[in-house]
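Colleague: Let me begin by handing over the structure; questions about it come next.
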């Protein structure tokens, strides 16, 4: 089966704080076809997200596909509150990189 990296078909992949205790990831698409391909591939279970971000499945707060916005939003619980000692990225704007190499089946 052929695959393509998520970063090669998504228009934007980004992360940001969702309050001080959560990080949210947005995977956005300009076109319906790649969005539908990713949505229907069922790539983002709590177990898979936990593996990608080195958290437990219980720390995965939500995984939501939004058809009208052609996007997928994933929210996880932060390992430590934003701004606490040892927090490597206070704004959580650099946490999305593990999503780049998720392989999407295309054939």
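The values are calculated or read from the model by the stated rules, or taken from the named source; none is laboratory data. Here the structure is a predicted model, which means the values were calculated and not measured. No Cβ is skipped: glycine too gets one built from the backbone with ideal geometry, and neighbour counts run over all protein chains shown.
Colleague: Please tell me if residue 98 is at pLDDT 95 or above and either surrounded by fewer than 18 Cβ atoms within 10 Å (Cβ to Cβ) or not in a helix (DSSP H, G or I) (or both). Explain how you work it out, then say what you get.
Modeller: On the way: at pLDDT 95 or above: yes; either surrounded by fewer than 18 Cβ atoms within 10 Å (Cβ to Cβ) or not in a helix (DSSP H, G or I) (or both): yes.
Yes.
Colleague: Hey, any hits in the stretch 80-96 for a residue that's over 17 Å from residue 20 (Cα atoms) and over 16 Å from the mean Cα position of the chain (by Cα)?
Modeller: No, the stretch 80-96 contains no residue that is over 17 Å from residue 20 (Cα atoms) and over 16 Å from the mean Cα position of the chain (by Cα).
Colleague: Might you check whether a residue that is in a helix (DSSP H, G or I), at negative phi and surrounded by fewer than 14 Cβ atoms within 10 Å (Cβ to Cβ) occurs anywhere in the stretch 52-73?
Modeller: Going through the stretch 52-73, the residues in a helix (DSSP H, G or I) turn out to be 52-53, 57-59.
Among the residues that remain, those that are also at negative phi are: 52-53, 57-59.
So of that shortlist, the ones also surrounded by fewer than 14 Cβ atoms within 10 Å (Cβ to Cβ) come out as 57-58.
Yes, the stretch 52-73 has at least one match.
Colleague: What are the residues in the stretch 12-39 that are more than 22 Å from residue 76 (Cβ to Cβ) and either at pLDDT below 95 or touching a strand residue (DSSP E or B) at 6+ places or on another chain (Cβ under 7 Å) (or both), if any? Steps first, answer last, please.
Modeller: Of all residues in the stretch 12-39, those more than 22 Å from residue 76 (Cβ to Cβ) come to 30-34, 36-37.
Within the stretch 12-39, just 37 meets the criteria.
Colleague: Those residues that are in contact (Cβ under 8 Å) with a residue 24 or more places away in the chain, surrounded by fewer than 17 Cβ atoms within 10 Å (Cβ to Cβ) and assigned to a strand (DSSP E or B), I need them from the stretch 1-41; list them, please.
Modeller: Hits for the stretch 1-41 are 3, 4, 5, 14, 16, 28.
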